[in-house]
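Worksheet: the structure to be examined is printed underneath.
The values are calculated or read from the model by the stated rules, or taken from the named source; none is laboratory data. Bear in mind that the values here come from a model prediction, so they are computed numbers and not experimental data. Every residue, glycine as well, gets a Cβ built from its backbone with ideal geometry; the counts of neighbours run over all protein chains shown. Side chains are part of the model used for accessible areas, which takes the heavy atoms of the whole protein and leaves out ligands, DNA and RNA. Shrake-Rupley method; radii C 1.70, N 1.55, O 1.52, S 1.80 Å.
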Amino acid sequence: GKIRKPRNFVCTISDDRGEEAVYAGIPISQVATPDTGYSIGDVISLLWFKKRYPKWATDFIETVIKTVADHGPAVSGAHNAKVTARAGKSVVESLVTGLLTIGPRFGGAIDGAAKYFKYAHDNNMSPKEFVNYMKKQGIPIPGIGHRIKSVRNPDKRVEGLKKYAAEYFPATPLLDFALEVEKETTSKKENLILNVDGTIGILMVDMWRALGYTDKEINEFIESGTLNAFFILGRSIGFIGHILDEKRLGMPMYRHPWDDILYQVEKAEEIK
Ligand code: ACO
Ligand code: LMR
């Protein structure tokens with residue numbers, strides 16, 4: 001019989017061996033030709049999930065990407081990317097320094113938000129019980145809180161995503177729960193709003209539920225970091241914009257001003 005050569009790699013998303021490569025079976029020419037109806041949301045659903053999602057879901061994915069594309073030069077990642085570009089580094093080098101700031105505090109709280117809110121909702125916790133549970137865990141609730149946005153200065157991005165969901169999602173049980181949690185947290189401090197990371201994480205769970213994914217499948221998405229990937233992808237657009245901006249402006253190397261640093265170095269004789 002035929003002896004199969006053991007393979008070092010397995011690929012289940014694309015195949016480049018034929019006349020043209022396919023994304024989850026669909027030829028690139030079909031996906032990339034205008035008028036065939038494939039959006040960037042479709043490309044993501046094919047290559048990340050090996051399915052063609054319905055239009056309300058791919059439009060949601062695309063809305064998320066557009067929503068997180070940039071939030072100005074002052075945020076952690078854009079700042080890093082700008083400083084690196086000004087040190088004379090390339091687009092790719094500057095981009096990765098920006099991306100490396102994405103994590104539990106900045107942009108990368110999406111998987112965490114999905115995980116903890118889903119856990120609380122699956123276990124029928126009340127919003128108060130959930131807040132206390134997270135306090136006991138000793139970690140800030142992922143998806144809650146913002147440096148500049150608050151009840152009095154609402155995040156329009158969050159409002160936009162909620163509006164989209166109200167109009168197009170069949171149901172939003174996890175978002176409904178998260179909004180009750182937000183009432184609880186904002187009653188303590190007005191900046192403890194459901195933030196853009198939280199809203200995306202929670203609505204993605206609602207989307208996957210509506211698309212018929214099982215609990216196990218959704219938990220696997222969360223555990224593998226799928227949700228933060230939406231922010232990583234989207235914010236790369238903005239970071240690249242900031243890097244090109246630096247190059248266009250020909251800005252010199254950056255050095256942080258002394259008067260903005262509190263120097264508290266001990267004297268030699270104080271060091272034991
Ligand atoms: N859950 C519970 N309590 C919180 C949370 C939270 N998520 N965030 C802040 N607090 C509390 C703190 O415990 C602290 O309480 P205290 O005054 O009694 O000590 C108080 O609020 C202030 O905390 P800071 O960390 O100083 O708040 P800051 O405004 O600097 O933090 C941040 C903003 C980093 C976003 C924070 O709210 C947080 O870590 N949230 C969770 C992570 C998250 O969702 N990040 C994504 C933000 S959106 C984005 O990056 C695109
Ligand atoms: C962002 O999208 O980068 C933010 O929500 C973080 C911020 O502080 O603006």
Given Lys118, Lys162, Lys135, Lys128, which one is within 16 Å of ligand 2 (Cβ to nearest atom) and in a helix (DSSP H, G or I)? Lys162
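One line per residue, one yes/no per condition, for (1) more than 10 Å from ligand 1 (Cβ to nearest atom); (2) surrounded by 24 or more Cβ atoms within 10 Å (Cβ to Cβ):
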residue	(1), (2)
Gly108	no, no
Gly112	no, no
Asp122	yes, no
Met125	yes, no
Glu129	yes, no
Tyr133	yes, no
Gln137	yes, no
Gly143	no, yes
Answer yes if at least one residue in segment 185-195 is among the hydroxyl-bearing types (Ser, Thr, Tyr) and touching a strand residue (DSSP E or B) at 6+ places or on another chain (Cβ under 6 Å), and no otherwise. yes
Give me the residue from segment 179-238 that is assigned to a loop (DSSP other than H, G, I, E, B) and of a type in the set (S, T, N, Q) and, out of that set, farthest from ligand 2 (Cβ to nearest atom). Thr214
Could you say whether any residue in segment 34-43 is modelled with pLDDT of 95 or more, among the aromatic types (Phe, Trp, Tyr) and open to solvent by 50 Å² or more (accessible area, probe 1.4 Å)? no
What residue, of Ala178, Ala229, is open to solvent by less than 50 Å² (accessible area, probe 1.4 Å), touching a Leu at 6+ places or on another chain (Cβ under 7 Å) and among the hydrophobic types (A, V, I, L, M, F, W, C)? Ala178
For residues that are more than 22 Å from Ile102 (Cα to Cα) and open to solvent by less than 20 Å² (accessible area, probe 1.4 Å), tally how many sit in segment 145-175. 4
Kindly provide the set of residues from segment 67-100 that are within 15 Å of ligand 2 (Cβ to nearest atom), in a loop (DSSP other than H, G, I, E, B), open to solvent by 40 Å² or more (accessible area, probe 1.4 Å) and without any contact (Cβ under 8 Å) to a residue 60 or more places away in the chain, ordered by number. Ala74, Leu100
